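Asks: Following this message is one structure expressed as structure tokens.
The values are calculated or read from the model by the stated rules, or taken from the named source; none is laboratory data. Keep in mind that what you see is a predicted model, and the values were worked out from it rather than measured. As a convention, Cβ positions derive from the backbone with ideal geometry for all residues, glycine included, and neighbour counts pool all protein chains shown.
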Amino acid sequence: MKTVSLSGTLRAYVGKKDAKKLRKEGKVPCVIYGGKEQKHFFLDQKDFKKIIFTPEVFIIKIELGKESFETILQDIQYHPVSDIILHADFLELIPGKPVTLAIPVQMEGSSPGVIKGGRLQLKLRKIRMKGLVEDMPEHFVLDISGLDIGNSIKVKDIPGEKLQFLDPANAVVVSVKAARGVSDEELSAEGEEGEEETEAATEE
């Protein structure tokens, strides 16, 4: 998993008044928890562009003075109107202690169902799982080259040794559905016509 480094500043005071002042200055009040003690600090709003405007999941190394913490972004709060980041929670990574993450899904290959006119539907863009960070993949790559119309890939079909999947085993991750206005009979007829053309070409 990729690592992003951020440099923060410890907060001298912790409270609503101080947090409001920081936000006016373009800063984001933050906290690191999960370790021996909580660390209250702040980051610049612009620092979050590296970690939130992307589907990827990162290990975030936060430097606070002479101390350094390996974390993951656990929660982030936005202003309901302006979408400005109000607060961020970072979970400190402890060796040997499992964490819960949502790992993004990527697809590769060409679906024969889509070639026939079917519609590819990505139901789960991220899959929630629990395990050690060192066992977590950066993303899941799903091969859709075997998906015909009516076929799907479910959570239980995804390999993940040493990891605990938190989504239901039968939850559909990606599927191929018949396009609207196209009946199964029409798709079947198209398939038969293709076979006949192939046979005719072979006889010639």
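Asks: Which strands (runs of 3 or more DSSP E) does region 19-86 wholly contain that include 3 or more residues that are at pLDDT below 90, within 22 Å of Lys97 (Cα to Cα) and of a type in the set (Asp, Glu)? Lay out the reasoning, then the answer.
Replies: Details: elements: 27-33, 39-44, 59-64, 67-78.
Answer list for region 19-86: none.
Asks: Give the residues of region 1-18 that are surrounded by 10 or more Cβ atoms within 10 Å (Cβ to Cβ) and in a strand (DSSP E or B), sorted by residue number.
Replies: Answer for region 1-18, where residues must be surrounded by 10 or more Cβ atoms within 10 Å (Cβ to Cβ) and in a strand (DSSP E or B): Val4, Ser5, Leu6, Ser7, Gly8, Thr9, Leu10.
Asks: Could you tell me how many of the residues in region 7-37 are among the hydrophobic types (A, V, I, L, M, F, W, C) and closer than 19 Å to Val133 by Cα?
Replies: Taking region 7-37 as the starting set, the residues that turn out to be among the hydrophobic types (A, V, I, L, M, F, W, C) are 10, 12, 14, 19, 22, 28, 30-32.
Within this subset, residues satisfying the condition of being closer than 19 Å to Val133 by Cα are 32.
Summing the residues that are among the hydrophobic types (A, V, I, L, M, F, W, C) and closer than 19 Å to Val133 by Cα in region 7-37 gives 1.
Asks: Look through region 114-129, keep the residues that are part of a loop (DSSP other than H, G, I, E, B) and more than 14 Å from the chain's Cα centre (by Cα), and return whichever of them is surrounded by the most Cβ atoms within 10 Å (Cβ to Cβ). Give the steps one after another, and end with the answer.
Replies: Of all residues in region 114-129, those part of a loop (DSSP other than H, G, I, E, B) come to 116-118, 123-125.
Still in the list and also more than 14 Å from the chain's Cα centre (by Cα): 116-118.
Working: Lys116: 19, Gly117: 14, Gly118: 22.
Ranking the candidates gives Gly118 first.
Asks: Something else about it: State whether the residues of region 130-153 include one that is in contact with a Phe, Trp or Tyr (Cβ under 6 Å, 6 or more places away or on another chain), outside any loop (DSSP other than H, G, I, E, B) and not assigned by TED's automatic domain parsing to the domain that holds Gln38. Outline the logic, then answer.
Replies: Here is the first cut: in region 130-153, the residues in contact with a Phe, Trp or Tyr (Cβ under 6 Å, 6 or more places away or on another chain) are none.
No; the residues of region 130-153 include none that is in contact with a Phe, Trp or Tyr (Cβ under 6 Å, 6 or more places away or on another chain), outside any loop (DSSP other than H, G, I, E, B) and not assigned by TED's automatic domain parsing to the domain that holds Gln38.
Asks: Still on this structure, I have one more. Among the listed residues Ile60, Ile85, Ile72, Ile51, which satisfies the condition of being over 30 Å from Met107 (Cα atoms), among the β-branched types (Val, Ile, Thr) and surrounded by 11 or more Cβ atoms within 10 Å (Cβ to Cβ)? Walk me through it before giving the result.
Replies: Values: Ile60 fails: over 30 Å from Met107 (Cα atoms); Ile72 fails: over 30 Å from Met107 (Cα atoms); Ile51 fails: over 30 Å from Met107 (Cα atoms).
So the residue among Ile60, Ile85, Ile72, Ile51 that is over 30 Å from Met107 (Cα atoms), among the β-branched types (Val, Ile, Thr) and surrounded by 11 or more Cβ atoms within 10 Å (Cβ to Cβ) is Ile85.
Asks: Tell me which residues, restricted to region 88-110, are within 23 Å of Leu132 (Cβ to Cβ) and surrounded by fewer than 19 Cβ atoms within 10 Å (Cβ to Cβ).
Replies: Listed by number, the residues that qualify are Asp89, Ile94, Pro95, Gly96, Lys97, Pro98, Val99, Thr100, Ala102, Pro104, Gln106.
Asks: Within region 92-105, is even one residue within 30 Å of Lys17 (Cβ to Cβ), in contact (Cβ under 8 Å) with a residue 40 or more places away in the chain and not in a loop (DSSP other than H, G, I, E, B)? Spell out the reasoning first.
Replies: Filtering region 92-105 for residues within 30 Å of Lys17 (Cβ to Cβ) gives 92.
If we keep only those that are in contact (Cβ under 8 Å) with a residue 40 or more places away in the chain as well, we get 92.
Filter once more, keeping what is not in a loop (DSSP other than H, G, I, E, B): 92.
Yes: region 92-105 contains one or more residues that are within 30 Å of Lys17 (Cβ to Cβ), in contact (Cβ under 8 Å) with a residue 40 or more places away in the chain and not in a loop (DSSP other than H, G, I, E, B).
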